[in-house]
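*Asks:* Quick one: the structure is below, questions incoming.
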Amino acid sequence: MVPVPRSLLEGDAPVVAPLLLNKLLAHGACVGRIVEVEAYRQDDPASHTFRGMTPRNAVMFGPPGHLYVYFTYGMHYCANVVTSPEGIGAAVLLRALEPVDGIELMRARRGDRVPLSDGPAKLCQALAIGPEHNGADVCLGRQVRLLDDGMPPPDEPLVGPRIGISRAVDVPWRFRVPPGQIRHDRR
DNA sequence: GGAACGATCTGC
DNA sequence: CAGATCGTTCCC
């Protein structure tokens, strides 16, 4: 069980995104395996950074390996991992986790609703990721951390268009672990 | 200053 | 399928 090195995260978002599949996202005692992600690049009309840097998206223009947490629809938080070098704004949205550890706590935070973490806002709620984690370094193993337990990314991830956007709707930058290959335990 | 719109989720 | 609910962005 080792931290994901920053060098793995710095690169073209649609290339890095599938590499995050099967990595672990941890916060305190709660751990989930990343099973669905989406890539967002600066030259991408669907990206928050498409029109340049603003106070909200500033973290995406910072160094790779930091969490970009944004508030949306007046009630939800979503989390991304920054994948671009400083000065460029790109990130990978974490869309779904398979719960691994701390499931009882995740269930309680979700108000006993199931599933626990199969959406970008649900996984933030289950792991108690919020605005206080915007900018957090997931490679340093402090609060929210990105870990590798030796489970490699899938050889052939499912690929398709991104969900819930209104621009660049056909760009196939959504990546999933195929059903049947999802592991709910740790190595 | 104001209006429109979300990288969503839930319950009907 | 519509409502919740409010920060961000953009236009005047």
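The values are calculated or read from the model by the stated rules, or taken from the named source; none is laboratory data. Quantities reported herein were computed from a predicted structural model and do not represent experimental measurements. Here the Cβ positions follow ideal geometry from the backbone for every residue, glycine too, while neighbour counts run over all protein chains shown.
*Asks:* Of the numbered conditions (1) within 8 Å of DNA strand B (Cβ to nearest atom); (2) in contact with a Ser or Thr (Cβ under 6 Å, 6 or more places away or on another chain), residue A:97 fails exactly one; give the number of that condition.
*Replies:* It is condition (1) that residue A:97 fails.
*Asks:* Starting from residues that are free of Cβ contacts under 8 Å to residues at least 24 places away in the same chain and over 24 Å from residue A:176 (Cα atoms), keep the ones in region A:121-155 and report whichever is surrounded by the fewest Cβ atoms within 10 Å (Cβ to Cβ).
*Replies:* This residue is A:142.
*Asks:* Find all pairs meeting these conditions: Cβ atoms under 8 angstrom apart; at least six residues apart or on different chains; first residue within region A:41-60 and hydroxyl-bearing (Ser, Thr, Tyr); second residue more than 9 Å from DNA strand B (Cβ to nearest atom) and part of a helix (DSSP H, G or I).
*Replies:* Pairs that qualify, where the first residue is hydroxyl-bearing (Ser, Thr, Tyr) and the partner is more than 9 Å from DNA strand B (Cβ to nearest atom) and part of a helix (DSSP H, G or I), are A:49/A:61.
*Asks:* Moving on to the next point. Residue under question is residue A:73, and the condition is that it be at pLDDT 95 or above and touching a Pro at 6+ places or on another chain (Cβ under 8 Å); does it hold?
*Replies:* Details: at pLDDT 95 or above: yes; touching a Pro at 6+ places or on another chain (Cβ under 8 Å): no.
Criteria not met by residue A:73.
*Asks:* Further question: Kindly indicate whether residue A:118 is surrounded by fewer than 18 Cβ atoms within 10 Å (Cβ to Cβ), charged (D, E, K, R) and under 20 Å from residue A:161 (Cα atoms).
*Replies:* Details: surrounded by fewer than 18 Cβ atoms within 10 Å (Cβ to Cβ): yes; charged (D, E, K, R): yes; under 20 Å from residue A:161 (Cα atoms): yes.
Yes: the conditions hold for residue A:118.
*Asks:* Let me ask something else about it. Check residue A:11 against each of (1) in contact (Cβ under 8 Å) with a residue 60 or more places away in the chain; (2) more than 9 Å from DNA strand B (Cβ to nearest atom); (3) outside any helix (DSSP H, G or I); (4) crowded, with 19+ Cβ neighbours inside 10 Å and name the one condition it does not meet.
*Replies:* Looking at each condition in turn, residue A:11 falls short on (4).
*Asks:* Among the numbered criteria (1) under 15 Å from residue A:9 (Cα atoms); (2) more than 10 Å from DNA strand B (Cβ to nearest atom); (3) part of a loop (DSSP other than H, G, I, E, B), which single criterion is violated by residue A:67?
*Replies:* The single condition residue A:67 does not satisfy is (3).
*Asks:* Follow-up. For region A:46-62, give me the residue count where each residue is in a loop (DSSP other than H, G, I, E, B) and under 16 Å from the mean Cα position of the chain (by Cα).
*Replies:* 3
*Asks:* Here's a check for you: in region A:89-139, which residue that is part of a helix (DSSP H, G or I) and small (Gly, Ala, Ser) is nearest to DNA strand C (Cβ to nearest atom)? Steps first, answer last, please.
*Replies:* Initial filter on region A:89-139 (part of a helix (DSSP H, G or I)): A:103-109, A:120-126, A:131-133.
Right, trim to small (Gly, Ala, Ser) and you get A:108, A:121, A:126.
Working: A:108: 21, A:121: 10, A:126: 18 Å.
If we take residues in region A:89-139 being part of a helix (DSSP H, G or I) and small (Gly, Ala, Ser), then A:121 is nearest to DNA strand C (Cβ to nearest atom).
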